Amino acid sequence: MSHKTTVKTLISDRIALVSALGSLDTKVKTATEDSVKCSTVSFKRKKDGVFQATLGDRGRKTHTSKWFKKLNQQYTYHKLVNELDDMGYEVGQVTTKNGRISFEANSIYGGQSEAR
Amino acid sequence: MSHFTKCRTKISDQSALVKALSDLGYKTVEVNETATNLYGYQGDKRDQVAEVIIRRKHVGGSSNDIGFKRQEDGTFEAIISEYDQGRHNAKWLKSLNQRYAYQKVTKELEEMGYEVGQVTTENGKLKFDAVSVYG
């Protein structure tokens, strides 16, 4: 009998989640605003807005806690790039290593910082 | 009577907007669930309404209220009088956008379990370094 395991995440943005799964070579089969399904893991949005992952026997072997850490890191990267793009920034060099994320972003409008 | 002009922004997160305004020196900002009327420098009630308002006494002498009105697409539109555009001009809006970007990214990183370390903002450039609390 197949046993299901659920994993809480901090992920709330579906577009960034799909991009993060792509970065980890996890193919997405179907995606709606509140649900993302892959062959070995599926994500469903809960009432608080964040996605919960569900894993079967096969998924538990592939999607370990280390994999979820990587997913979190890739999600953060894609979410920030999308946000910064919306705000008129171009993201330059990004480094993600050992739980650290470093990046530079330049405003396409340029501009001086002004404090009052 | 100073005429109000509307300027589109890319700002959509209310709490990050309030923090960005604080970074630019406006520590007292009114936040309303429902858009409320702005007032002119003589205390005259204007037709323009906004959810986020810097009342005129905090803007400066002879100033009018400055407002930020939520649009249908979720972004805020800045409402600034002609008189106040002397100081609150395109350059000021750029600075606001930059501080907003900083506050928004910091908020996102913290929500994702990151501790934001070194941050640099200069000449339209943002540099971030953050570490996941989960390792």
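Since every read-out is calculated from the coordinates, none of them should be taken as a lab result. Keep in mind that what you see is a predicted model, and the values were worked out from it rather than measured. Note that we place each Cβ from the backbone using ideal geometry, even for glycine, and neighbour counts take in every protein chain shown.
A few notes on this one:
- Between amide H atoms placed 1.01 Å from N, distances below 5 Å from residue B:125 occur with A:107, all of them 5 or more places distant or on a separate chain.
- For residue B:48, residues with placed amide H under 5 Å, excluding near neighbours: B:38
- Within a straight-line Cα-Cα reach of under 17 Å, residue A:44 can be paired with the following aspartates and glutamates, leaving aside sequence neighbours fewer than 8 residues apart in one chain: A:13, A:33, A:34.
- Distances between placed amide hydrogens fall under 5 Å for residue B:83 paired with B:3, all partners being 5 or more residues away or on another chain.
- For segment A:20-116, the set of GluC sites (Glu not before Pro) satisfying both a DSSP loop assignment and a count of at most 10 other C-beta atoms within 10 Å is given as A:33.
- 10 Å Cβ neighbours from other chains, averaged over peptide A:79-90: 5
- Table column - 3J(HN,Hα) (Hz), segment B:52-69, Karplus curve with 6.51, -1.76, 1.60, x for Gly and Pro: 10, 9, 9, 5, 4, 5, 8, 7, x, x, 6, 8, 9, 4, 10, x, 10, 9
- FRET efficiency for residue B:28 and residue B:111, using Cβ-Cβ distance with R0 set to 25 Å, rounded to 0.05: 0.45
- With each label modelled as a point 7 angstrom along the Cα→C-beta vector, the residue A:104-residue B:7 pair spans 2.8 nm.
- Number of partner chain Cβ atoms within 10 Å, mean per residue of B:89-98: 4
- Within segment B:44-58, backbone nitrogen closer than 19 Å to the virtual label 7 Å beyond the Cα of residue B:72 toward Cβ: B:49-51
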